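Only the coordinates and a few stated rules stand behind these numbers; no lab work does. On a predicted model such as this, the values are computed, not experimentally measured, just so you know. Quick reminder, even Gly has a Cβ in these numbers, built from the backbone with ideal geometry, and neighbours come from all protein chains shown.
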Amino acid sequence: MTPNTRAILMDLAQRMGGLYAPDLKSPYLAGSAGLTAAVLMMAAEEGDRTAHRLVEENRAIRVLLNEAAGLPPPADLAERLRNLAGGDDSNLRISALQAVNDALRDTLTDLHAFVETQPGDSAAGLNAAIWSELAASTRRRAFASASF
Amino acid sequence: MAEEPLTPERIAAYITTRLADAHDVEVDSLSRITGGASRETYRLRLRYQGGDGAVERRLILRRDPPDSLIETQRDVEFAAYRAFYGSAVPVPEMLWLEEDTGPLDRPFFIAEEITGFESSPTGLLSPPFSDHAEALGTHKWTILGEISRADPIALGLDRLMPVPEPDGCWARELDYWEGVIDADQIEPQPIIRATIRWLRANPPPPAQKISVVHGDYRTGNFLYDKEGVIHGILDWEMAHLGDPLEDLGWGLNRIWCWGGDDRRGGLLPREQAITIWEKASGLKADPAALHWWELFNCVKGQGIWVSSAKAWMDGQNREPILIFSAWRMLNMQDRAALELMGHL
């Protein structure tokens, strides 16, 4: 559908921040309207990329979970890794992708804690790969307006 | 029970009970202003006839919200302000603390308004304020040094704030904020969980002294003028006693680099800020200890940001600042933790 969601939200953000907020007499409402404009702008950015970043991230985490099989992890963690490592994100609804992402990041958190305690080059390599993915995860979520 | 609207008449009726010799008490110009997500803040004008004639005062009323984002004690905040009033730490005069819900439905306090100054962190980034960034930064870190130097026992704050042992400050704070994240996180936080593991495995040395910790000492929580002078330190709602490096680490947090560069709080480079604080406080910022407290403050920040997300999701607070916190601040906080651990 045209105009798309991103274009609509960006336009609403500009109207809210540039047109409506300056005319509000209440400092509280003017401040709230300014913040609403900033949030709408972020929503435009996030709405456009959410499905892409979730699919990309889910794939990247599955690679890490598969790499852990050789360590090997304790039985309960190993079972969770097996259950999650084979997903394919066939349902592209954001709610479905987010649920899978939550399960993957939850398991990645536990895998990371386990890997940190393990000796050897394989564990060190996986630890470095997890940190690298965590850094990438923040780049996927960063906003253009952020100061850091 | 349904609340009545907050009106000038209700506030005037309350103030009448607190001003024994006053009559014809009137309140007008009541307007809500932004002032943190944990209290509702209002500006108002008070007029009355006193023993020496007509009196007019500009006041601030801070009232508890229906549901608070971060649990804080208003009596502690009130006491912290009072403790520093008239000292080298500029704060507004506290007038009345009311913990009974009868007068205005929820507990509140009333203070003088320090008028005529700015508080916006982004306002500092352009002239005429940006021309005085170094002076403002020097004043900011000097004031924090004064807070850190102060004796909380002599100020009487031990009567309201628990006094931790010097070697127990770090665990108390980390336990608390990890508990907040445990209770409020809606989605997994792998970066901050790894941060917590590192902090527990590498504890800092005992605090060199027990200080007053402001709890939210950052650009955005002080009033400043066009000449580079700070006139009021605000938002003491998270004040407590603890390791002075906690406040230093919070103020140095990368998420407060409003200017998009490395100047902390948008004012001064990190090392310069530390030097000023050391001189004013008479304390030392041991690099390893400060590193721990800077990293800890990423956990504390994330506790606030995940609580913001939960408050919005639960519907208890729908202020747009909470979405801003849940998205942008949370992401920047993760990046700050990664940077401190050398993984960004």
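What's the number of the condition B:Trp258 fails, among (1) assigned to a helix (DSSP H, G or I); (2) under 19 Å from the mean Cα position of the chain (by Cα)?
(1)
Got a number for residues in region B:288-311 being free of Cβ contacts under 8 Å to residues at least 60 places away in the same chain and more than 21 Å from the chain's Cα centre (by Cα)?
1
Kindly indicate whether any position in region B:253-265 is touching an Asp or Glu at 6+ places or on another chain (Cβ under 8 Å), over 19 Å from B:Gln73 (Cα atoms) and not hydrophobic (A, V, I, L, M, F, W, C).
Yes, that holds for at least one residue.
Being touching a Pro at 6+ places or on another chain (Cβ under 9 Å) and buried (at least 20 other Cβ atoms within 10 Å of the Cβ) is the filter here; which residues of region B:146-160 pass it?
B:Ile147, B:Ser148
Which of the residues that make up region B:111-130 are under 10 Å from B:Thr219 (Cα atoms) and either without any contact (Cβ under 8 Å) to a residue 12 or more places away in the chain or assigned to a loop (DSSP other than H, G, I, E, B) (or both)?
Within region B:111-130, B:Ser119, B:Ser120, B:Pro121 meet the criteria.
Is it true that B:Thr138 is assigned to a helix (DSSP H, G or I) and not aliphatic (A, V, I, L, M)?
For B:Thr138, the condition - assigned to a helix (DSSP H, G or I) and not aliphatic (A, V, I, L, M) - is met.
Counting just the residues of region A:16-29 that are in a helix (DSSP H, G or I) and facing chain B (nearest Cβ under 9 Å), which one comes out nearest to B:Arg62 (Cα to Cα)?
A:Tyr28
Can you tell me which residue in region A:83-106 is farthest from the other protein chains (Cβ to nearest Cβ), limited to those that are more than 13 Å from the chain's Cα centre (by Cα) and among the aliphatic types (A, V, I, L, M)?
A:Leu92
So, in region A:114-124, of the ones that are assigned to a helix (DSSP H, G or I) and in contact (Cβ under 8 Å) with a residue 40 or more places away in the chain, which residue ends up farthest from B:Met332 (Cα to Cα)?
Only one residue tops the list, namely A:Ser122.
Could you please give the count of residues in region B:261-275 that are part of a loop (DSSP other than H, G, I, E, B) and of a type outside the set (Gly, Ala, Ser)?
The number of residues fulfilling the criteria is 5.
Name the residue that is nearest to the chain's Cα centre (by Cα), counting only residues in region B:146-159 that are outside any loop (DSSP other than H, G, I, E, B) and farther than 13 Å from B:Ile230 by Cβ.
Residue satisfying both the conditions and the ranking: B:Ser148.
Could you count how many residues in region A:31-52 are at the interface with chain B (Cβ under 9 Å from one of its Cβ atoms) and charged (D, E, K, R)?
1
Step by step: first the residues of region B:310-344, then only those that are more than 10 Å from chain A (Cβ to nearest Cβ) and in a loop (DSSP other than H, G, I, E, B), then the one that is nearest to A:Ser32 (Cα to Cα). Which residue is that?
Per the criteria, the residue is B:Arg318.
Filter region B:161-184 down to residues that are buried (at least 18 other Cβ atoms within 10 Å of the Cβ) and either among the aromatic types (Phe, Trp, Tyr) or outside any helix (DSSP H, G or I) (or both), then give me how many there are.
4
Is it the case, given these coordinates, that A:Glu57 is among the charged types (D, E, K, R), surrounded by 15 or more Cβ atoms within 10 Å (Cβ to Cβ) and more than 10 Å from chain B (Cβ to nearest Cβ)?
yes
Yes/no per residue for (1) at the interface with chain B (Cβ under 8 Å from one of its Cβ atoms); (2) surrounded by fewer than 18 Cβ atoms within 10 Å (Cβ to Cβ):
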{"position": "A:Leu108", "(1), (2)": "yes, no"}
{"position": "A:Ala113", "(1), (2)": "yes, yes"}
{"position": "A:Ala123", "(1), (2)": "no, yes"}
{"position": "A:Ala128", "(1), (2)": "no, yes"}
{"position": "A:Leu134", "(1), (2)": "yes, no"}
{"position": "A:Thr138", "(1), (2)": "yes, no"}
{"position": "A:Arg141", "(1), (2)": "yes, no"}
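Condition check ((1) out of contact with any Asp or Glu (no Cβ under 9 Å at 6 or more places or on another chain); (2) within 14 Å of another protein chain (Cβ to nearest Cβ); (3) surrounded by 15 or more Cβ atoms within 10 Å (Cβ to Cβ)) across all residues:
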{"site": "B:Tyr14", "(1), (2), (3)": "no, no, yes"}
{"site": "B:Val25", "(1), (2), (3)": "yes, no, yes"}
{"site": "B:Asp28", "(1), (2), (3)": "yes, no, no"}
{"site": "B:Ser31", "(1), (2), (3)": "yes, yes, no"}
{"site": "B:Arg47", "(1), (2), (3)": "no, no, yes"}
{"site": "B:Gly53", "(1), (2), (3)": "yes, no, no"}
{"site": "B:Leu61", "(1), (2), (3)": "no, yes, yes"}
